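Report on one structure; see the data block that follows.
The values are calculated or read from the model by the stated rules, or taken from the named source; none is laboratory data. Just so you know, these numbers come straight off a predicted model, no measurement behind them. Glycine also receives a Cβ, built like all others from the backbone with ideal geometry; neighbour counts cover every protein chain displayed. We work out accessible area using only protein heavy atoms, side chains counted, and drop any ligands, DNA or RNA first. Shrake-Rupley method; radii C 1.70, N 1.55, O 1.52, S 1.80 Å.
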Amino acid sequence: MLIRKYYKPVSVSDEEQQLYEAVAAEAAKLQAPVYLVGGHVRDKLLQRESKDIDFTVVGDGPQLAEAVGKRLGVSVVTYKNFGTARLQYHDFIVEFVGARRESYRPASRKPEVQAGTLMDDLARRDFTINALAISLNADDYGMVLDAFDGLGDLERRLLRTPLDPDITFADDPLRMLRAARFAAQLDFTPLVEVRQAMRNNAERIRIVSVERITDELNKMLMAPKPSIAFDLLFKTGLLQEVLPELALLYGVEHIEGKGHKDNFYHTLQVLDQVARRSDHLWLRWAALLHDVGKYDTKRFEKGKGWTFHGHEVVGARKVEAIFRRLHLPLNEPLKFVQKMVLLHLRPIALSKEEVTDSAMRRLLFDAGNDLEDLLILCESDITSKNEKKVKKYLENFQLVRRKLAEVEERDRIRNWQPPVSGEVIMKTFGKPPGREIGIIKEAIREAILEGKINNTFEDAYAFMLQKAAELGWEPVTKN
Ligand code: CTP
């Protein structure tokens, strides 16, 4: 039953007010009751910012949108096939759709859509907190319409489905990922039966398009405490479907009384620590995947214990496979995440040994402009139950930061290019581009990073002549 409730007034900007008045006036003219619905209502009641506004009209959505567009002087885009229309008013993206009843066929996400009542429309939604409506009609303007005690769930911070969760999730399996996302984004708790239904229906996520899945994964990663989402996905078997490489990190093995960290829960802790320090999406992906190579590289070495040699290299390769499968961008973001995974042990190593300047220069050179992100990842990678240890490691790490800053200040290695370029080498010896040019170029770079020669054109040029002589090359021009 739809219950009308007065709720604490929500704040509305002037532009929003103008929009609501226009919608209310045009809907009244068309004699079509109209309601604010979905995420915007939820976010308003939670006092969260939201620029997407959805209206459900008991009647023709596009017709109302056209009338509102005319009144506000903005254009309307209509999607005839879906019976929806959209307009933009200031920075609000506004969508209109007729109230509908949908029934889903088991093997598909394509619903059969029929016109329905407001109640039909709310009952087919994912969670009770998303199934609230606010009336814009004369007789109950501004009242919240609540059929499933969504208001109670908002206060109790619970995720509950309006219908039997097995039906709600079978209708659209993406909703299981949305449950995990809302749990982390809003810090809400899914009811036990919601979790059970996620477990029951986990395999059905396979019928959902990869783009929708990836979109949710990105939103989970951007939550204040992303581990809430990934832990829930793991416990319900959904992570095993969408990111099996990560689920494989779960568990601890013991041999000769020696165990290792649970790399799955370690990863989640690192992810939360990165999330506290940075809101860079791709750095969060890097945190999620930084140890993904540990499953394949795990060995027990007698007398030594557990090792994961080369996990950063194997991990960086796996990142590419994961990015391809999830249709994540294969240009800069992939390169960045691979770089973070590949380099994630390097700064920590610098805190342990007697550190040479050349090791510092090498890291500065390899990390380049991404150094700060790499340092955030490494600092976040320090996890231990022993707080004293964590404190000590973090202090050591501060030392690494200071030393890196000193070496950079002196040698300017980030964004550095060796003073003798490939072009100079080719011109000097009258050679076309090729493998040998690369070898000489790299030898010059190495010699400077190692501190064998100074970072000057003169030294580098002399060194180049010497290397080229070893290949039997003679200069064709004098510099
Ligand atoms: N909805 C649903 N099932 C889905 C997606 C959406 O029932 N798989 C319903 C919910 O009522 C939701 C509304 O459609 O509130 C709008 O969907 P959308 O804009 O995708 O999500 P929001 O809830 O608004 O959240 P966000 O904008 O953060 O994605």
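The table for this structure:
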quantity: Built amide H within the under 5 Å cut-off of T84, gap 5+; calculated: Y79
quantity: Calculated [θ] (222 nm, deg cm²/dmol) that DSSP helices of n ≥ 4 give over the chain, each run adding -39,500 (n - 2.57); calculated: -16000 deg cm²/dmol
quantity: Amide hydrogen neighbours beyond the local backbone of R160, cut-off 5 Å, H modeled; calculated: T128, I129
quantity: Dipole magnitude (debye, nearest 20) for region 157-242, charges at Cβ of Lys, Arg, Asp, Glu; calculated: 240 debye
quantity: Label zone at K389, where the point sits 7 Å out along the Cα-to-Cβ direction: region 248-289 residues whose backbone N lies under 16 Å; calculated: 252-253, 258-267, 269-270
quantity: Whole-angstrom Cα spans of the chain along principal axes, big to small; calculated: 91, 62, 41
quantity: Degrees separating the helix 457-470 axis from the principal Cα axis of the chain, which is the longest one; calculated: 70 degrees
quantity: Entries of K51/K225; K352/K389; K427/K452; K294/K339 with Cα pairs more than 20 Å apart; calculated: K51/K225; K427/K452
quantity: Principal-axis tilt of helix 192-201 within the chain, Cα atoms, nearest 10 degrees; calculated: 70 degrees
quantity: 5 angstrom amide H check on G98, placed H, neighbours 5+ away; calculated: V57, G61
quantity: More than 25 Å apart - percent of Cα-Cα pairs taken over region 84-202; calculated: 29 percent
quantity: Ratio of Rg to Rh over region 422-470 (Cα coordinates, Kirkwood Rh, two decimals); calculated: 0.94
quantity: Residue (of L374, L328, M464) at the positive-pole extreme of the chain, dipole from beta-carbon charges; calculated: M464
quantity: Inter-centroid distance (Cα atoms) of region 209-264 relative to region 60-76, Å; calculated: 45 Å
quantity: Region 157-242: relative contact order as a whole-number percent, Cα under 8 Å and 6+ apart; calculated: 37 percent
quantity: Hz values of 3J(HN,Hα) by residue in region 391-396 - Karplus curve (6.51, -1.76, 1.60), Gly and Pro given as x; calculated: 4, 5, 4, 5, 5, 4
quantity: Rounded tilt (10° steps) of 435-449 against the dominant C-alpha axis of the chain; calculated: 90 degrees
quantity: Solvent-accessible area of D262 with every protein chain in place, 1.4 Å probe, in Å² to the nearest 10; calculated: 30 Å²
quantity: Cα lying deepest toward the dipole's positive end in region 422-470, options I440, I453, G430, charges on Cβ; calculated: G430
quantity: Test item: Cα-centred dipole of the chain, Lys/Arg +1 and Asp/Glu -1 on Cβ, debye; calculated: 1060 debye
quantity: Per-peptide average of other Cβ atoms within 10 Å, ordering 432-443, 312-323 highest first; calculated: 312-323, 432-443
quantity: Percent RCO, i.e. relative contact order, over the chain, from Cα pairs under 8 Å lying at least 6 residues apart; calculated: 8 percent
quantity: Region 160-232: equivalent-ellipsoid semi-axes (sqrt of 5 x gyration tensor eigenvalues, Cα, Å); calculated: 18, 15, 9
quantity: Under 13 Å, Cβ to Cβ, from D296 - net charge with Lys/Arg +1 and Asp/Glu -1; calculated: +2
